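Single-structure report; data block below.
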Amino acid sequence: MEKKAVVKNYIFLGIMLGAMVLGAIVGWLAPAKVVAFFKPFGTVFINMMFCVVVPLVFVSIAGSIANMKSMKRAGKIMGTTVATFVITGAIAAVIMFALMKIFPPVLVPWNDIPSEEIGEYASISDMIVNFFTASDFVGLLTRKAMLPLIVFSVLFGFATNMAGGSETLVAKWLSSMTEVMMKFIKIITYYAPVAFFAIFAGLVADYGPQIAGSYGRAMAVYYPLCFVYIFTAFPLFAWFGGGKHGVKTMFKHITKPAVVSLGTCSSVATIPTNLEEAEDTGVSKDVAEMVVPLGATMHMDGSCFSCVLKIAFVWGVFGQDMSWGKLIPIVLVAVLSSVGMSGVPGGGYIGEYIICSIFFPNQMELAFPILVAIGNLVDPPATMINSAGDYVVTYIVSRFADGKDWLEKALAKKKEAAVAEKAE
């Protein structure tokens with residue numbers, strides 16, 4: 001990858017992080033009246049994002065399902081793909097949960113918010129109902145019902161697919177609206193550096209030096225975990241999917257997708273590279289063409305890591321205990337929220353809204369910027385895990401779609417072709 005391309009893709013993330021640092025310095029040094037003047041600029045950004053996130057989630061998810069072309073083999077491939085995404089995401093979430101119990105990112109609460117102000121937890125039955133449904137249609141149009149909205153969007157997409165799919169006016173409208181909403185998000189994001197300067201000026205003014213220590217502890221856990229995951233979990237997945245040759249072959253081909261994802265900070269931008277490496281490995285074309293694009297928006301092991309990290313972080317900020325009894329709800333949210341994240345840099349902040357709507361509905365204005373800051377800090381390694389992992393998942397899906405010996409056949413075919421070419 002050219003050096004200019006890497007700089008271009010990282011420059012906005014650098015501006016965002018620079019704005020946060022500058023805001024923190026201003027919040028630390030400036031008088032309270034000056035910091036108070038800047039705070040509304042952050043609130044404007046948060047309110048704009050609150051307004052756009054609901055339609056964005058609906059049209060993007062419903063549109064992708066509505067435009068799918070369904071066949072028997074495609075159904076088998078898709079079922080295996082989604083199941084693999086869910087299982088690997090859940091594994092990632094459990095690993096991070098255990099690490100957060102051992103190494104909590106926030107040791108001292110930033111403030112003294114009483115627990116009842118954060119929101120009491122409903123019963124398990126009520127939580128299940130609220131996870132997947134809203135009481136009426138109007139209830140879906142609130143920022144506090146993100147998971148029910150995702151369920152509604154999935155069902156709406158399937159209904160549209162059954163009614164004619166991509167040929168229907170509804171499917172075309174959903175596709176067009178998805179493009180419009182993504183441009184809308186892009187426009188709002190241009191304002192983000194100003195907003196995060198104001199937000200972090202306020203956070204540091206209110207909570208002082210605790211912030212730097214907390215974020216430092218979070219990164220000290222997250223970054224090493226990502227690289228350990230690549231050299232432990234990925235080989236296991238490759239061995240399960242590709243057999244005795246899986247690990248060696250995987251490491252031969254995974255470097256390029258990993259580098260491209262780090263350079264672009266985008267899962268979608270890594271799709272062509274993943275498809276190229278999958279084809280060179282011997283993965284069936286229909287498997288690669290379904291797993292890789294779908295993985296760009298649904299396969300988010302790195303995001304599952306960060307989701308649990310974010311929840312643990314904000315709970316620590318509020319002085320709440322992350323007990324083992326909360327493992328199942330946290331894993332569910334980590335896995336389900338990954339479906340709603342887009343493949344563009346920054347993920348559209350959808351994951352942060354889902355976390356807020358489930359765990360911090362009454363503290364969204366404080367929790368959201370904290371979560372987004374963590375998301376920006378972990379975005380490069382998270383994207384690397386997500387995108388390089390899409391290539392690894394093709395091994396697992398190929399095992400179920402083409403048999404356990406698919407890789408041996410592919411390697412034998414390549415060897416025969418090489419011998420024939422040499423003979424010529």
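The values are calculated or read from the model by the stated rules, or taken from the named source; none is laboratory data. Just so it is clear, the model here is predicted, and its values are computed rather than measured. Neighbour counts are summed over all protein chains in view; Cβ atoms, including those assigned to glycine, are modelled from backbone coordinates with ideal geometry. Heavy atoms of the whole protein, side chains included, go into the accessibility calculation; ligands, DNA and RNA do not. Shrake-Rupley method; radii C 1.70, N 1.55, O 1.52, S 1.80 Å.
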- Determine, yes or no, whether V57 is assigned to a helix (DSSP H, G or I) and surrounded by fewer than 17 Cβ atoms within 10 Å (Cβ to Cβ). no
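Table: residues versus (1) under 21 Å from the mean Cα position of the chain (by Cα); (2) at pLDDT below 80; (3) of a type outside the set (A, V, I, L, M, F, W, C).
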residue	(1), (2), (3)
A220	yes, no, no
A233	yes, no, no
M250	no, no, no
H253	no, no, yes
I271	yes, yes, no
- When (1) out of contact with any Gly (no Cβ under 7 Å at 6 or more places or on another chain); (2) open to solvent by less than 30 Å² (accessible area, probe 1.4 Å); (3) closer than 30 Å to T43 by Cα are applied to P381, the one that fails is (1)
- Item | Hits in segment 20-38 - residues which are within 32 Å of the chain's Cα centre (by Cα), of a type in the set (V, I, T) and open to solvent by 50 Å² or more (accessible area, probe 1.4 Å) | V21, I25
- Pairs, please: C-beta under 6 Å, at least 6 apart or cross-chain, first residue outside any helix (DSSP H, G or I) and in segment 353-371, second open to solvent by 10 Å² or more (accessible area, probe 1.4 Å)? P361/G119; P361/K144; N362/G119
- Query: What are the residues in segment 290-333 that are free of Cβ contacts under 8 Å to residues at least 24 places away in the same chain and either within 12 Å of the chain's Cα centre (by Cα) or under 15 Å from G389 (Cα atoms) (or both), if any?
  - Reply: P293
- Query: What helices (runs of 4 or more DSSP H) completely inside segment 226-306 contain at least 3 residues that are within 17 Å of I87 (Cα to Cα)?
  - Reply: 285-298
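Let me confirm something: among L371, L411, L407, which residue is at pLDDT 80 or above, open to solvent by less than 10 Å² (accessible area, probe 1.4 Å) and over 30 Å from K183 (Cβ atoms)?
L407
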- Of residues in segment 227-253 being open to solvent by less than 20 Å² (accessible area, probe 1.4 Å) and among the hydroxyl-bearing types (S, T, Y), the one nearest to G282 (Cα to Cα): T249
- helices (runs of 4 or more DSSP H) wholly inside segment 71-181 that include at least 3 residues being more than 20 Å from P293 (Cβ to Cβ) and modelled with pLDDT of 80 or more: 72-102, 146-162
- Can you tell me which residues in segment 386-416 are farther than 21 Å from T273 by Cβ, assigned to a helix (DSSP H, G or I) and among the small types (G, A, S)? A401, A412
- Restrict the check to segment 232-243 and report whether at least one residue is in contact (Cβ under 8 Å) with a residue 60 or more places away in the chain and of a type in the set (S, T, Y). no
